[in-house]
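Below is one structure, written out as structure tokens, with a few remarks after it.
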Amino acid sequence: MTYITTFYSHFGAIRYKKLCEKSQIPAQVMPVPRDLSSSCGTCVSSQGNYIMPESPALEEIEQIVEKTESGYRLLYRAANS
Amino acid sequence: MATKQEKQHILIAGCIIGLISAGLVFLGNPANMGFCIACFLRDTSGALGLHSAAAVQYIRPEIIGLVLGSLLIAVAGKEFQAKGGSSPVTRFFLGFFVMIGCLMFLGCPFRMILRLAGGDLNALFGLAGFIAGILAGVFFLNKGYSLKRTYKLPACEGMAFPVMEAALLVLLAAAPAFIHFTEAGGGPGGSHAAILVSLAAGLIVGILAQRTRLCMVGGIRDMVLFKESRLLLGFIAIFAMALIGNLVLSAVTGGTYFKLGMAGQAVSHTDGLWNFLGMLLAGYGCVLLGGCPLRQLILAGEGNTDSAITVIGLMVGAAFCHNFGLASSGEGPTANGKIAVIIGIVVVTAIACLNTFRKEES
């Protein structure tokens, strides 16, 4: 299973990737896929699992989705975003 | 990373945009200026009387088309979303100084590509500065730079800027006495394609840029950050097709659409150092903003009020450039302009530092 996490800042993505690596979750920083968003920010694609970090790292997360055959399934979205 | 289909889309979009850019010059726009977001916002500022440089006053329909094209396709694709609140005042000042950098060079990143496609080798210094500025911005991105998150806003807030652009179209068509227009032959503002042609060009490019997320800064930034070439392909396609378009137009019409060299280029100067520093400032500021001036217009059309404020910052910056003698001319940069660019680099660096190293205090 592939999970994609989008962020409000590039640094948020870097920090999240490190958290994934600490938890033995393979993760890659990359541009946000066009079919997910019209935003051109940075996301992290993680394999097999995802992390819901504690604050303040959580504040950097915009949304977490699971990649499905038909598109994406929303797992988390920041309040008021 | 980007799919093959995404890369094909941006290549096709870049080719169309390159051809439109060359075509607009044939149809009346100034040389190597089929599109120039900085120049066109500067002309619009002049038309509204924000500056009084008589040679550069015209409400450019391309700008209106870009915003409305983005709005239309965003609404159609259910991607219009009013949002903002990500350090708007800081973004205003970044936009302000990006314009100072652009008018030192005499063009935005988009025109830099079109100048290269027209054979203007001065733009190579601009390109080198642009890359250096992007690298400076990327340094701060990797160290933690952030202008904080955006928040959902009422739809009317996101619509305010596109409605203002529609109002500008009405003013352009009605041409009341209080709007300033450069007379034909009176300077770059007096050279333009027909209104409907320019508007259609803007609409098409706005739609393509929204769908592909085309961004002159993003292309180089993503190559540096992720080794991802998708956006850069759009950049290269625009250059290639504008170059082909210019060569074909030169051969077919006998006009000068391609002239290789540095001296005597249209709306350009030969001071390499200040071409470099001007675009360094522009690239640096644009990375911190998250996109080039074209991208800011597209995002403003999608309902992003932070980008709308950035565009207003660009327009105010253009007015300052002409009110205080900061903008370069064909004769070269001005002393005031050089001071302003140095101040701009210092201010942008201060903004970068304050939003990188002290963010845990907020």
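The values are calculated or read from the model by the stated rules, or taken from the named source; none is laboratory data. From a predicted model like this one, the values you see are computed outputs, not experimental measurements. Note: ideal-geometry Cβ built from the backbone for every residue, glycine included; neighbour counts use all protein chains shown.
Annotations for the structure displayed:
- Filter result for A:Glu54 (charged (D, E, K, R), in contact (Cβ under 8 Å) with a residue 24 or more places away in the chain and either more than 16 Å from B:Asn142 (Cα to Cα) or surrounded by fewer than 16 Cβ atoms within 10 Å (Cβ to Cβ) (or both)): no
- Restricting attention to region A:14-35, the residues being of a type in the set (S, T, N, Q) and either buried (at least 19 other Cβ atoms within 10 Å of the Cβ) or within 11 Å of the chain's Cα centre (by Cα) (or both) number 1.
- All positions within region B:147-173 that are touching a strand residue (DSSP E or B) at 6+ places or on another chain (Cβ under 9 Å) and either surrounded by fewer than 19 Cβ atoms within 10 Å (Cβ to Cβ) or outside any helix (DSSP H, G or I) (or both): B:Arg149, B:Thr150, B:Tyr151, B:Lys152, B:Leu153, B:Glu157
- Residue check for B:Phe239: within 22 Å of the chain's Cα centre (by Cα), away from chain A (no Cβ under 14 Å), assigned to a helix (DSSP H, G or I) and crowded, with 16+ Cβ neighbours inside 10 Å: yes
For every residue, the table says whether it meets (1) acidic (Asp, Glu); (2) in a helix (DSSP H, G or I); (3) farther than 17 Å from B:Ser45 by Cβ; (4) modelled with pLDDT of 95 or more.
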{"site": "B:Asp306", "(1), (2), (3), (4)": "yes, yes, yes, yes"}
{"site": "B:Gly313", "(1), (2), (3), (4)": "no, yes, no, yes"}
{"site": "B:Gly325", "(1), (2), (3), (4)": "no, no, no, yes"}
{"site": "B:Ile342", "(1), (2), (3), (4)": "no, yes, yes, yes"}
{"site": "B:Thr349", "(1), (2), (3), (4)": "no, yes, yes, yes"}
{"site": "B:Ala352", "(1), (2), (3), (4)": "no, yes, yes, yes"}
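- Yes/no for B:Leu71 being within 14 Å of another protein chain (Cβ to nearest Cβ), under 30 Å from B:Asn355 (Cβ atoms), out of contact with any His (no Cβ under 9 Å at 6 or more places or on another chain) and buried (at least 24 other Cβ atoms within 10 Å of the Cβ): yes
- In this structure, A:Thr6 does not satisfy being in contact with a helix residue (DSSP H, G or I) (Cβ under 7 Å, 6 or more places away or on another chain), within 14 Å of another protein chain (Cβ to nearest Cβ) and among the polar types (S, T, N, Q).
- The condition of being buried (at least 18 other Cβ atoms within 10 Å of the Cβ) and either among the hydroxyl-bearing types (Ser, Thr, Tyr) or within 14 Å of another protein chain (Cβ to nearest Cβ) (or both) holds for B:Leu141.
- In region B:318-338, the residues that are free of Cβ contacts under 8 Å to residues at least 12 places away in the same chain and in contact with a Ser or Thr (Cβ under 8 Å, 6 or more places away or on another chain): B:Thr334
- Note on region A:4-59: among residues that are in a loop (DSSP other than H, G, I, E, B) and among the polar types (S, T, N, Q), the one that is farthest from A:Ala78 (Cα to Cα) is A:Gln24.
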